[in-house]
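Report on one structure; see the data block that follows.
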Amino acid sequence: YNTGKIHTINFPFKVPAIDASKVEKEYDIVFWGRVTVDKGVEDLINAVEIVKRNNKEIKCLILGGGSSEYRQKLDRMVAERDLEGNIIFGGFQKTNEELFGNAAKAKIYVLPTHYDALPGSIREGMYMKLPVISYPVGDIPQLNKNKDCVLLAEYLDIKDLASKIEILLHDDDLRNKLIANSYSEVATTNDTSYIANQFMETYRSLIKQDMQ
């Protein structure tokens, strides 16, 4: 009986040509990705409502496209929670340069995705030196295997998500620690030599397994 073995291999991605740590901030939070239920947009809006109790001026920028019907639902959510001045919808971004340029104006990136493998947007955020908050789904917890890179909220726990947002917004030392750790991690794992070695180790392991 052989349960098999999972081999993890990174794939390179085009890195953002911007350093968010050097960009003047206009927003506290940014979200980017598909604007859908599964990406946790509603979780984020509900968390912002909680954070607003202690921070009336909280600003959250939501970037990405979605259906007009779903956007109307989100507009109603925002209005019902009196968040019209706190939630800003930036819509679909035509280019990566436009996306990253706007995202860099925020202090932290929050992606409370419900189901995922390892979102490319998280690695993009890490590379552009944006501290990240997410749920521990898929391979996201593996980003913390070597050191703390991503702040993880309890799955689907809106209160904990709001708490993590408040902590990260107000703790400069934690933000700087996550930025340094995550940039170091993603710069290493996105290196072509590192990825080539992953392939070679996987091939050696498979050949050895076949010979047994």
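Miscellaneous remarks
- Taking only protein heavy atoms and a 1.4 Å probe, the accessible area of region 132-190 is 45% carbon and sulfur.
- Simple rule: put +1 on each Lys or Arg Cβ and -1 on each Asp or Glu Cβ in region 58-203, find the dipole, and look at Thr189, Gly91, Ile108; the Cα lying farthest toward the positive end is Gly91.
- Mean accessible surface per residue for region 97-195, computed with a 1.4 Å probe while every protein chain stays in place, in Å²: 42 Å²
- Taking a straight Cα-Cα cut-off under 15 Å and skipping sequence neighbours fewer than 8 places away in the same chain, the aspartates and glutamates within cross-link reach of Lys22 are Asp172.
- Set of lysines with alpha-carbon distance to Lys25 below 22 Å, sequence-local pairs under 8 removed: Lys52, Lys56, Lys59, Lys94, Lys105, Lys107, Lys129, Lys164, Lys177
The values are calculated or read from the model by the stated rules, or taken from the named source; none is laboratory data. Keep in mind that this is a model prediction, so the values were computed, not measured. Reconstructed Cβ throughout: ideal geometry from the backbone, glycine too, with neighbour counts over all protein chains shown. Keep in mind that these areas ignore ligands, DNA and RNA; they rest on the heavy atoms of the full protein, side chains included. Shrake-Rupley method; radii C 1.70, N 1.55, O 1.52, S 1.80 Å.
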